[in-house]
1. Step by step: first the residues of the stretch 144-156, then only those that are touching a helix residue (DSSP H, G or I) at 6+ places or on another chain (Cβ under 7 Å) and part of a helix (DSSP H, G or I), then the one that is surrounded by the most Cβ atoms within 10 Å (Cβ to Cβ). Which residue is that?
2. Sort out which residues of the stretch 128-178 are without any contact (Cβ under 8 Å) to a residue 24 or more places away in the chain, of a type in the set (D, E, K, R) and under 22 Å from Arg116 (Cβ atoms), and write them in order of number.
3. Considering Asn31, Asn84, which residue is under 21 Å from Glu150 (Cβ atoms) and not β-branched (Val, Ile, Thr)?
4. Out of the stretch 55-64, which residues are over 17 Å from Arg93 (Cβ atoms), surrounded by 14 or more Cβ atoms within 10 Å (Cβ to Cβ) and not aliphatic (A, V, I, L, M)?
5. Given the conditions (1) among the small types (Gly, Ala, Ser); (2) surrounded by fewer than 18 Cβ atoms within 10 Å (Cβ to Cβ); (3) under 15 Å from Arg41 (Cα atoms), report the number of the one that Ser83 does not fulfil.
6. Does Ala60 meet the test of being assigned to a helix (DSSP H, G or I), in contact with a Ser or Thr (Cβ under 8 Å, 6 or more places away or on another chain) and without any contact (Cβ under 8 Å) to a residue 60 or more places away in the chain?
7. Kindly indicate whether any position in the stretch 77-93 is at pLDDT below 85, in contact with a Ser or Thr (Cβ under 7 Å, 6 or more places away or on another chain), assigned to a helix (DSSP H, G or I) and under 25 Å from Thr53 (Cβ atoms).
8. Restricting to the stretch 29-51, what's the tally of residues that are in a loop (DSSP other than H, G, I, E, B) and either over 14 Å from the mean Cα position of the chain (by Cα) or small (Gly, Ala, Ser) (or both)?
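The values are calculated or read from the model by the stated rules, or taken from the named source; none is laboratory data. Quantities reported herein were computed from a predicted structural model and do not represent experimental measurements. Methodologically, a virtual Cβ is constructed for each residue, glycine included, from the backbone with ideal geometry; neighbour enumeration extends over all protein chains shown.
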Amino acid sequence: MKALSKEADERLLIEAAKRDPARFAELYTRNFRVVYAYVARRTASREEAEDVTSEVFHQALANLKRFEWRGAPFAAWLIRIASNALADRWRSRSRENTDPLTDEPSDESMSGIERRATLFRLVDGLPSDQRRVIVMRFAEQKSIREIAQELQRSEGAIKQLQFRALEKLRESMEGANG
């Protein structure tokens, strides 16, 4: 029941923030650490991580009215915004560079970006329980025990959901890559 209560609470908070942007502050407080950690691992400096994180929440607030609840944590939507912001930043840097040969993306890095984009789409297509476990485990970096407690399931059930989700993602990625 605790997981359902937390999910319902988050959904109500999102709806309240859509009506009154001042309520967005609580969503910010609840999700800042997850977004900042995600961005910080992918940027060169603390200042850049802070800038991108700020940009993510600015975009989230600006686009909150378009957010549709689909059962996934709000943090998953924020992570997607962060991923896009990082990709945009990388593209603009590569355009600003006067020597395109030194910073031109390699085929390998482009295929990595494409793989991650495909993976995000595939995760969105997972059944809701599997998607929630994957987001909590890998985006929010929670332990199996923490997820089990939050979703009020056994650790074995969480491991099984994770296993099935990863198998489905692996099969789908292999299918997408030929």
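1. Keep residues of the stretch 144-156 that are touching a helix residue (DSSP H, G or I) at 6+ places or on another chain (Cβ under 7 Å), which gives 144-145, 147-148, 150-152, 154-155.
Narrowing further to those that are part of a helix (DSSP H, G or I): 144-145, 147-148, 150-151, 155.
Values: Ile144: 17, Arg145: 10, Ile147: 23, Ala148: 19, Glu150: 17, Leu151: 20, Glu155: 13.
Here the answer is Ile147.
2. Result: Lys142, Glu167, Arg170, Glu171, Glu174.
3. Selected residue: Asn31, the only one of Asn31, Asn84 that is under 21 Å from Glu150 (Cβ atoms) and not β-branched (Val, Ile, Thr).
4. Phe57, Gln59 - these are the residues of the stretch 55-64 that are over 17 Å from Arg93 (Cβ atoms), surrounded by 14 or more Cβ atoms within 10 Å (Cβ to Cβ) and not aliphatic (A, V, I, L, M).
5. Ser83 satisfies every listed condition except (2).
6. no
7. Checked the stretch 77-93: no residue is at pLDDT below 85, in contact with a Ser or Thr (Cβ under 7 Å, 6 or more places away or on another chain), assigned to a helix (DSSP H, G or I) and under 25 Å from Thr53 (Cβ atoms).
8. Looking only at that region, the number is 3.
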